[in-house]
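Notes follow once the structure below has been shown.
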Amino acid sequence: MRIYIKAQFQAISLHVLPASEVTRLLSSCQIGEKVVRMAQNAGDRVMLTAAHQLMGFTLVHMGELISGSENLERSISFYDAGQHQTYISFLRLDPRIYSLAQVTRALWLLGFNS
């Protein structure tokens, strides 16, 4: 059942969207991969939080719910509450709350609805 739901979501995500949106998602994914590598090389936890959030968000919207959730969970793992103001000024949101919401949504779409 979960595989069926994932396949349906992927079809909706990529085939109902206009081609320009699909191109944007693919570009975002490529950019996200580069940003993750840069953040890893720098060892910067704030940047790692943001980079994995970007990757997770993009992958979830591409229908890659499991890998998207994994990136969002990595974002949460790098989150440092002491850097809250840095996140707000850099991202304009709290990445922990945002990532938790997106993980919850992805798990719901995978069939974990309880």
Problem - Subset tally (residues that are surrounded by 10 or more Cβ atoms within 10 Å (Cβ to Cβ), over 16 Å from the mean Cα position of the chain (by Cα) and of a type outside the set (S, T, Y)) for the range 79-96 - result: 5
Exercise for the section: Determine whether the range 98-108 contains at least one residue that is exposed (fewer than 13 other Cβ atoms within 10 Å of the Cβ) and aliphatic (A, V, I, L, M). Expected result: yes
Practice task
Please verify whether the range 8-26 includes one or more residues that are modelled with pLDDT of 70 or more, over 30 Å from H84 (Cβ atoms), assigned to a helix (DSSP H, G or I) and under 16 Å from the mean Cα position of the chain (by Cα).
Solution key: yes
Practice task
May I ask you to list the residues in the range 43-54 that are crowded, with 20+ Cβ neighbours inside 10 Å and either of a type in the set (S, T, Y) or on the phi > 0 side of the Ramachandran plot (or both)?
Solution key: T49
Exercise for the section: List every residue pair whose Cβ atoms sit under 7 Å apart, with the two residues 6 or more apart in sequence or on different chains, where the first one lies in the range 89-114 and is among the small types (G, A, S) and the second, anywhere, is surrounded by fewer than 14 Cβ atoms within 10 Å (Cβ to Cβ). Expected result: G111/M1; G111/R2
Practice task
With the condition kept exactly as written, say whether any residue in the range 55-71 is crowded, with 19+ Cβ neighbours inside 10 Å, part of a helix (DSSP H, G or I), modelled with pLDDT of 85 or more and in contact with a His (Cβ under 7 Å, 6 or more places away or on another chain).
Solution key: yes
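The values are calculated or read from the model by the stated rules, or taken from the named source; none is laboratory data. Here the structure is a predicted model, which is why all the values come from computation and not from measurement. Note that we place each Cβ from the backbone using ideal geometry, even for glycine, and neighbour counts take in every protein chain shown.
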